[in-house]
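Undergrad: Next up is a structure, given as structure tokens.
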Amino acid sequence: MKKTKIFGSKFSATLIAFTCFVTVFGFSQAEEKAKEKKGNLIWDAGTVQLELEKLGAGVYAFYPTDAREKNPKGHPVATSGGFVVGDNEVLVVESMINKRLAEQVMGFVKKVTDKPIRYVVNTSYHGDHAYGNYAFPKTAKIIQHSKTKAFMDNKEAFEADKKFMIQYFGANRGIEDVVSRTADIIVDDKKIIDLGNKVVEIMHLGFAQTDGDLFVWSPDNKVFWAGNPVVAQPPALPWLLNSRHEEVLTTMKKVRSFLPDDAIVVPGHGIPIKPQAIDFTIGYLEILHKDVKGAVEKGMTLEQAQKSITMKEFQGYALWDWVHSGVNLTNTYKELSK
């Protein structure tokens, strides 16, 4: 969940976009401590528990224990990821938001194999996908896109981002202890890694939510880690916090055409799903573009467009009003009005 290039930096836009999010939910800074005591964080980085699911020989997904209940209702949950075990070593996808959750992930690996964790992939620079890097063994190599590395290497931006994550995922949850650990291996296009009779492909297919989105594919078992570009099963919506809706649509069509129908997709924040679920995202983006373009051509104001473009067939997401009208429609309108 983040970015754009306004006010001179992508990071500024990240904070603005996320601030809009929490403002809608009533998490003002003045209310922070009181709200936190009431359990009103977006999700609590100190209480999240993960569960492990075997998806194939040597291939596993992990996701929050409440995801099966909340995903169908469109309620947000914490981060999902997974790992692939070869004859020689292990590759982990997503390092999570703090040491506590990173240790849960490492515990899952130890539960199923004595092979060492040799690689950790971050699908983006978002804290809940990359902060846990520092907790993994020094012998593990971090894999990121160059844009992800650049963001996390920017000390000022990273420290500000930590404060922001603390505010909305919980103080005294270990986020304060996070130190930036960035890429040993850069993937800006595609890289194939052999773990020992088990190949993993890491790829950048274009802008999907950030400039540095990576996708991870285990071809033997047809398992695909999508990160935040696929938030969760329908009715979850894509988050166009960085605008660029046409680029997002193009990339998601690439993802969909890449995947065989019998593949398994591990989304950024939920239980594994089938590729057909991505059709919901593509359909939403296509109709959003068409309807907003029509509104602009008719001379509608943004407020008029927000009232008229309801897209009822895509409703059901718990964050619908804010994500659709306040973010996706608004940013699309601004792009098409230029």
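Coordinate-derived values only; no laboratory data. Just so it is clear, the structure is predicted and the values come from calculations on it, not from any experiment. We place every Cβ from the backbone using ideal geometry, glycine too, and count neighbours over all the protein chains shown.
Undergrad: If each of Glu69 and Thr250 carries a label point 7 Å out from its Cα toward its Cβ, how far apart are those two points in nm?
TA: Placing both labels 7 Å along Cα→Cβ, they lie 4.3 nm apart.
Undergrad: Let me know the charge dipole size of the stretch 288-338 about its Cα centre in debye, to the nearest 20, where only the beta-carbon of Lys, Arg (+1) and Asp, Glu (-1) is charged.
TA: Charge dipole of the stretch 288-338: 140 debye, to the nearest 20.
Undergrad: What distance in nm lies between label points placed 7 Å from Cα along the C-beta direction at Ile192 and Lys293?
TA: 3.8
Undergrad: Given 0.36 nm per residue, what is the gain on full extension from Glu286 to Lys334 after removing their alpha carbon distance, in nm?
TA: 15.6 nm
Undergrad: Also, I was wondering about something else. Give me Thr65, Thr330, Thr210 sorted ascending by neighbouring Cβ count inside 10 Å, so fewest comes first.
TA: Thr65, Thr330, Thr210
Undergrad: At a 10 angstrom cut-off on C-beta neighbours, averaged per residue, how do the peptides 212-225, 152-165 rank from highest to lowest?
TA: By packing density, highest mean first, the sequence is 212-225, 152-165.
Undergrad: Under the definition of Cα pairs under 8 Å and six or more residues apart, what whole-number percent is the relative contact order of the chain?
TA: It rounds to 17 percent for the chain.
Undergrad: FRET efficiency for Thr113 and Lys141, Cβ-Cβ distance as r, R0 = 22 Å, nearest 0.05?
TA: 0.80
Undergrad: Shifting gears a bit: Within 10 Å of each residue's Cβ, count the other Cβ atoms and sort Tyr63, Tyr333, Tyr125 from fewest upward.
TA: Tyr333, Tyr63, Tyr125
Undergrad: Mind scanning Lys198/Lys222; Lys111/Lys274; Lys73/Lys222; Lys149/Lys222; Lys54/Lys111 and naming the pairs with a C-alpha gap bigger than 19 Å?
TA: Too far apart for the 19 Å limit: Lys111/Lys274; Lys73/Lys222; Lys149/Lys222.
Undergrad: Given axes a ≥ b ≥ c from the Cα gyration tensor, I'd like to know whether the stretch 127-173 is rounded (a/c under 1.5), prolate (a/b larger than b/c) or oblate.
TA: oblate
Undergrad: Output ³J(HN,Hα) for the stretch 99-112: one whole-Hz value per residue in order, computed from phi by the Karplus curve 6.51 cos²θ - 1.76 cosθ + 1.60 with θ = phi - 60°, and x for Gly and Pro.
TA: 5, 4, 6, 4, 5, 4, 4, 4, x, 4, 4, 4, 5, 10
Undergrad: Would you work out the charge dipole size for the stretch 10-336 about its Cα centre, treating the Cβ of every Lys and Arg as +1 and the Cβ of every Asp and Glu as -1, and quote it to the nearest 20 debye?
TA: Around 280 debye, computed over the stretch 10-336.
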